[in-house]
Amino acid sequence: MLRGTRRSRVSSLEGGLEEEAPPQAAAEPPAYLECPWQTEAAAEQTLLRGIFEIGRDSCDVVLSERTLRWRPIRPERPAGDSKFTLQCKEEFIELQDVFSVKLKRRFSVRQQKSGTLLGFSNRPKSLKILLNPQSHKKEAIQVYHEKVEPLLKLAGIKTDVTITEYEGHAVSLLQECELQGFDGVVCVGGDGSASEVAHALLLRAQKNAGMETDGILSPVRAQLPLGLIPAGSTNVLAHSLHGLPHVVTATLHIIMGHLQQVDVCTFNTMGKLVRFGFSAMFGFGGRTLALAEKYRWMSPSQRRDFAVIKALTKLKPEDCEISFLPFNNSWNIQERSAQGSPDSDYNEQWQTIQGQFLNVSIMAIPCLCSVAPRGLAPNTRLNNGSMALIIARNTSRPEFIKHLKRYASMQNQFNFPFVETYTVEEVRVRPRNRTSGYNPEEEEGSHETASEDGFPWNVDGDLMWAPSEVHVRLHPRLISLYGGTMEEMSDSKETCHCLK
């Protein structure tokens, strides 16, 4: 059986390939098999050639350095000629798209048991798997064993599986465990789990490089790629990476070794690194998550809907100052980061706005999800070196709800007078009223009593409390994630981009 993928679909030849004649490497084809299609692959070195049975057809099969080509043979018996002729209807698959090969050989008595095995240096051979059993409906373990593990075994990938037991377990584990024997790390869980593992891999990279993480300006890249198997409630990271939160698609991208370099943000407060992440929300987004965390006994969908409704009933703006550095293509971001401190021209680029804001979103990725099919930040890409800063100023509750509802449609959710969007490289958010922090324990009345932990932020679906200003800085292509490019998916005419 030969299975393979081409772009975003799987092509398969069922029934196996049973050898009818031992293929000879680089052998000259018999005269009656000559056909113009051979010239198409003339530039490629032929490794093996022979006649194989595919289904019920006998086929001329040619294995070259980059492709496997086959063409059915049909017998024609004109008067006085009993030879076979070859029909010129070729099929082929590129070897880089082959998912797995099952070899069935029938050896003759005189034939030595040897053959050609194909290897792909860019594909993982050993993976560290982290399962979060608490994600979404607590089905991550089932998803892995039923859908992911069989494919990894079929591809011959060795795995080492750890089930995380508490929040922060992945960080502790990846700081200490030996990773030298692995080609990548795979997280099976939701956005919070995936973000935690990405944070842990980047912390490990800084540690290995002997770097301090306080006030970090130029972090080093993660040394291992990260695979995301969606098993959460929103799966924003996997959705943004693959175009949809599909388990088999994510698994096949990992197996095929498809890598995307992705931008990452650092979140600093009081001069210290809080975490690495991909997106954040302050104000309504942070308050909603703080409420949802309080009602974890509910089902994920009920908890989310309840928290949104409750946060809307207590809708209240934050009085804060937002400073940001606009994105400038003329800057070499990586060179500037390597300098360690911005120069005077760089400082002059900063802009500052003040006022009452209902929500502030800072996103380095598109943040696609079921409630926002175009993305929470549709104009952002995975690795274009910039972040989207989306600000919703104070307005009436009905108008803010209209803005939120627009995310579920194909209309422009930013086409409101109270919504402002910027493309930036850095952002500082400083609450100006230190007594306006949010206390999720308050069920009624105003929120004028500050929480002891500070102000709630939603960072990749995880709740982060910040006592004061938060400085968000973009770091281009800091981590590699297993996945295809959204550009390739958008070029396809197919409506479904899953690999299944």
For segment 453-470, the count of residues that are assigned to a strand (DSSP E or B) and surrounded by fewer than 20 Cβ atoms within 10 Å (Cβ to Cβ) equals 2
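Take the residues in segment 243-261 that are of a type in the set (S, T, N, Q) and open to solvent by 10 Å² or more (accessible area, probe 1.4 Å); name whichever of them is nearest to residue 483 (Cα to Cα).
Applying the first criterion (of a type in the set (S, T, N, Q)) to segment 243-261 yields 249, 251, 260-261.
Applying the additional criterion that residues be open to solvent by 10 Å² or more (accessible area, probe 1.4 Å) yields 260-261.
Values: 260: 6, 261: 9 Å.
Within segment 243-261, the match that is nearest to residue 483 (Cα to Cα) is 260.
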If we ask which residues in segment 397-420 are in a loop (DSSP other than H, G, I, E, B) and touching a Leu at 6+ places or on another chain (Cβ under 9 Å), their number turns out to be 3
How many residues of segment 228-242 are open to solvent by 10 Å² or more (accessible area, probe 1.4 Å) and under 16 Å from residue 380 (Cβ atoms)? The answer is 3
Selection from segment 264-313 of residues part of a helix (DSSP H, G or I), open to solvent by 30 Å² or more (accessible area, probe 1.4 Å) and of a type in the set (Gly, Ala, Ser) yields 301
When segment 381-414 is checked residue by residue, the ones that are among the polar types (S, T, N, Q), surrounded by 18 or more Cβ atoms within 10 Å (Cβ to Cβ) and over 21 Å from residue 240 (Cβ atoms) are 395
Flag if residue 146 is among the charged types (D, E, K, R) and either surrounded by fewer than 13 Cβ atoms within 10 Å (Cβ to Cβ) or at positive phi (or both)
yes
request  = Return a yes/no flag: does segment 431-440 have any residue that is under 26 Å from the mean Cα position of the chain (by Cα) and modelled with pLDDT of 85 or more.
outcome  = no
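Considering every residue within segment 125-132, establish whether at least one is of a type in the set (Lys, Arg), touching an Asp or Glu at 6+ places or on another chain (Cβ under 8 Å) and either open to solvent by 40 Å² or more (accessible area, probe 1.4 Å) or within 24 Å of residue 475 (Cα to Cα) (or both). Lay out the reasoning, then the answer.
Initially, segment 125-132 is screened for residues of a type in the set (Lys, Arg), giving 125, 128.
Subset that is touching an Asp or Glu at 6+ places or on another chain (Cβ under 8 Å): 125, 128.
Okay, now just the ones that are also either open to solvent by 40 Å² or more (accessible area, probe 1.4 Å) or within 24 Å of residue 475 (Cα to Cα) (or both), so 125.
Checking segment 125-132: at least one residue is of a type in the set (Lys, Arg), touching an Asp or Glu at 6+ places or on another chain (Cβ under 8 Å) and either open to solvent by 40 Å² or more (accessible area, probe 1.4 Å) or within 24 Å of residue 475 (Cα to Cα) (or both).
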Being modelled with pLDDT under 60, within 21 Å of residue 261 (Cα to Cα) and in a loop (DSSP other than H, G, I, E, B) narrows 497, 447 down to just 497
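Yes or no: residue 249 in contact with a His (Cβ under 7 Å, 6 or more places away or on another chain), within 22 Å of residue 123 (Cα to Cα) and not small (Gly, Ala, Ser)? If you could, list the steps in order and put the result at the bottom.
Details: in contact with a His (Cβ under 7 Å, 6 or more places away or on another chain): yes; within 22 Å of residue 123 (Cα to Cα): yes; not small (Gly, Ala, Ser): yes.
So residue 249 fits the description; yes.
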Picked from segment 63-98 (must be at pLDDT below 70 and either touching a helix residue (DSSP H, G or I) at 6+ places or on another chain (Cβ under 9 Å) or of a type in the set (Gly, Ala, Ser) (or both)), the residue least open to solvent (accessible area, probe 1.4 Å) is 86
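Give the residue that is most open to solvent (accessible area, probe 1.4 Å), with candidates limited to residues of segment 149-190 that are part of a strand (DSSP E or B) and among the charged types (D, E, K, R).
Pass one, segment 149-190, residues part of a strand (DSSP E or B): 158-163, 184-189.
Going one step further and asking which of them are among the charged types (D, E, K, R), we end up with 158, 160.
Working: 158: 147, 160: 67 Å².
For segment 149-190, the residue satisfying everything is 158.
Being assigned to a loop (DSSP other than H, G, I, E, B) and modelled with pLDDT under 95 narrows it down to one of 237, 252, 244, so name that one. Write out each step before concluding.
On the way: 237 fails: assigned to a loop (DSSP other than H, G, I, E, B); 252 fails: assigned to a loop (DSSP other than H, G, I, E, B).
One residue alone meets the criteria, 244.
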Only unsatisfied item for residue 208, checking (1) open to solvent by 30 Å² or more (accessible area, probe 1.4 Å); (2) in contact with a Phe, Trp or Tyr (Cβ under 7 Å, 6 or more places away or on another chain), is (2)
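The values are calculated or read from the model by the stated rules, or taken from the named source; none is laboratory data. Owing to the predicted nature of the structure, the values given are computational and were not obtained by experimental measurement. All Cβ positions, glycine included, derive from the backbone under ideal geometry; neighbour counts span all protein chains shown. To get the accessible areas, we keep the full protein, side chains included, count just its heavy atoms, and leave off ligands, DNA and RNA. Shrake-Rupley method; radii C 1.70, N 1.55, O 1.52, S 1.80 Å.
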